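Notes follow once the structure below has been shown.
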Amino acid sequence: MENTSSTIPILQGDAGFAQEVAAGPGGDTLPLCYQCGTCTGCCPVGAVDEGFSPALIIQWIRLGLRERVLGSPKIWLCLQCHRCSFSCPQGVRFADINGTLRHMAVREGFVDAAKAQEFAALERDLSALRCAVLDRAMREAPNAALSTEELVREALRNLHG
Ligand code: SF4
Ligand code: SF4
């Protein structure tokens, strides 16, 4: 049968891929996943992008879909917040596993190393922005003079001095 973008050629999977991922931090928990979907349900990225699912990425790893996983923008969308890891009934450490996927993606040329550093810098800036906005909003609550949008604008102006 002809393959389409929505079908997955599972019989062509890379048998060694899951083992390589399992050798990284938290990788020993990979076989424990029983696809309950709790991680996807509690993920803040999944809440704004319904196509993002840590459970699905785990399944792709186990099917040996190296190119699909390492070439996917999804592994860079994760906030590394560990909410999924804390919520998983099986103790699967997806955030750590995703860190391994990123290292493998750079090492195997799926993403440029300089681009990966740009992503890391962007994540730091976004975290700093979030902290600044929430800190200011909480200190001024409940009579905040500035709207959330104005708080974001102010924090952006202050981000790099
Ligand atoms: S919460 Fe844990 S067991 Fe459930 S799908 Fe996610 S990783 Fe798998
Ligand atoms: S670590 Fe990543 S996948 Fe897990 S809940 Fe946070 S954003 Fe979602």
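Any read-out appearing in this document is the output of simple, stated calculations on the displayed coordinates, not a laboratory observation. What you see is a predicted model, and the numbers here were worked out from it, not measured in a lab. FYI the Cβ positions are ideal-geometry reconstructions off the backbone, even for glycines, and counts take in every protein chain you see.
In region 25-85, which chymotrypsin sites (Phe, Trp or Tyr not before Pro) are in a loop and have at most 11 other Cβ atoms within 10 Å, using DSSP for the loop call? Write down the numbers at each step before the final one.
Working: sites: Tyr34, Phe52, Trp60, Trp76; in loops: Tyr34, Phe52.
Hits after loop and neighbour filter: Tyr34.
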Cα extents of the chain along the three principal axes, largest first (Å): 60, 36, 33
- line: Applied in sequence order to region 108-114, the curve 6.51 cos²θ - 1.76 cosθ + 1.60 (Karplus, θ = phi - 60°) yields integer Hz couplings, x standing for Gly and Pro, of 9, x, 6, 9, 5, 4, 5
task: Quote the charge dipole size of the chain about the Cα centre in Debye, to the nearest 20; the model charges only the Cβ of Lys and Arg (+1) and of Asp and Glu (-1).
output: 240 debye
- prompt: List the GluC sites (Glu not before Pro) in region 32-115 that DSSP assigns to loop (not H, G, I, E or B) and whose Cβ has at most 13 other Cβ atoms within 10 Å. Which are they?
  reply: Glu50, Glu108
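Around Leu79, with a cut-off of 11 angstrom between Cβ atoms, what is the net charge of the other residues, counting Lys and Arg +1 and Asp and Glu -1?
Working: positive: Arg83, Arg130; negative: Glu123.
Around Leu79, the charge tally is +1.
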field: Under the Karplus curve 6.51 cos²θ - 1.76 cosθ + 1.60, θ = phi - 60°, whole-Hz ³J(HN,Hα) for region 147-154, x wherever Gly or Pro sits
entry: 6, 4, 4, 5, 4, 5, 4, 4
